[in-house]
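Here's the structure we're looking at; comments come further down.
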Amino acid sequence: MQNILVPVGVSKYAKGTLSYAIDLASHFKCNVYVIDAFPAHSSLTILSNLNARLEIKNVQRIKKMVATITTKKDQVKIVSSERDLVGTIRKLDQELGLDLIVTGPLNNEINEAVFLGKIAGSMIKRTQVPVIIAPLDKTFTPSKKILLAFRTGEVKTSSTLNALMYFQDSFLASLKLLLVKVPGFANRNHQLNDELMQRSDQMLFSENATVYQGVLEHFQANQPDMLIVFKRERGFFEKLWETDIVFKKDFYCTIPLLILKNKD
């Protein structure tokens with residue numbers, strides 16, 4: 001793992017999320033790129049000067065935040081956004097090769113009923129980079145018990161599992177697999193990736209309406225300290241993020257949530 005991107009919003013949790021990301025990057029000995037999660041942009045020429053001033057102000061705000069967290073200035077690089085956030089992330093991924101995005105569940109939102117706001121939701125839905133949702137008000141600690149929950153164990157490309165392998169190998173963590181048999185489950189869903197089987201310590205099964213309900217069924221008994229799910233082009237999680245917002249009533253997690261991109 002070499003490059004981690006952190007979009008920093010204006011919520012009261014922004015500093016905690018950035019601190020979590022920097023500590024995570026220190027563990028992996030990799031670079032941290034920080035970007036404003038709410039970049040100023042407008043197609044109106046008359047507002048170009050205003051946008052420029054806002055961008056300078058936002059960069060200054062981020063620099064001050066970074067300075068209060070770490071003195072290793074060479075580890076953290078602030079990136080200016082010249083377009084919308086998702087467009088900038090895609091461009092950075094092409095130029096640098098992003099291994100991971102670290103974000104808080106709420107970057108700018110204040111709605112207590114929301115688990116994932118528009119910023120986090122858009123990065124999950126519209127980029128191909130793995131995303132880890134850092135829990136609020138919690139410092140980084142290496143996870144020792146990882147739970148991967150899914151409705152099909154087929155992995156389309158080997159690179160899909162890169163982030164999982166980085167975490168498991170670096171943290172020396174155990175891995176349990178949870179196959180949730182949702183309505184419409186077919187035998188092909190039971191075809192598990194060989195790499196996952198070799199890395200796992202135990203295979204769990206659940207029959208539930210959704211993957212999330214299957215997670216709830218096994219959460220207390222197994223007490224994982226990291227949850228991993230696949231974001232597919234079709235399926236439960238894709239339906240959740242159709243509007244870029246996920247409400248707590250539909251999905252909620254208080255431990256690090258790693259979302260791997262696995263195309264159908």
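Give 116, 148, 106 a once-over and let me know the one that is in contact (Cβ under 8 Å) with a residue 40 or more places away in the chain and either in contact with a Cys (Cβ under 9 Å, 6 or more places away or on another chain) or farther than 20 Å from residue 21 by Cβ (or both).
Within the list 116, 148, 106, the selection yields 148.
Can you tell me which residue within segment 114-123, out of those that are at pLDDT below 85 and outside any strand (DSSP E or B), is surrounded by the most Cβ atoms within 10 Å (Cβ to Cβ)?
Once the filter is applied, the top-ranked residue is 120.
Just the residues that are buried (at least 17 other Cβ atoms within 10 Å of the Cβ) and touching a Ser or Thr at 6+ places or on another chain (Cβ under 6 Å), please, taken from segment 70-102.
The answer is 81, 88, 89.
Name, by its number, the condition in (1) at pLDDT below 90; (2) surrounded by fewer than 14 Cβ atoms within 10 Å (Cβ to Cβ) that does not hold for residue 39.
With respect to (1) at pLDDT below 90; (2) surrounded by fewer than 14 Cβ atoms within 10 Å (Cβ to Cβ), residue 39 is out only on (2).
How many residues are assigned to a strand (DSSP E or B), touching a helix residue (DSSP H, G or I) at 6+ places or on another chain (Cβ under 6 Å) and under 17 Å from residue 211 (Cα atoms) if we restrict to segment 148-175?
1
The values are calculated or read from the model by the stated rules, or taken from the named source; none is laboratory data. Just so we're clear, the structure is a prediction, and the values are computed from it rather than from any experiment. All Cβ positions, glycine included, derive from the backbone under ideal geometry; neighbour counts span all protein chains shown.
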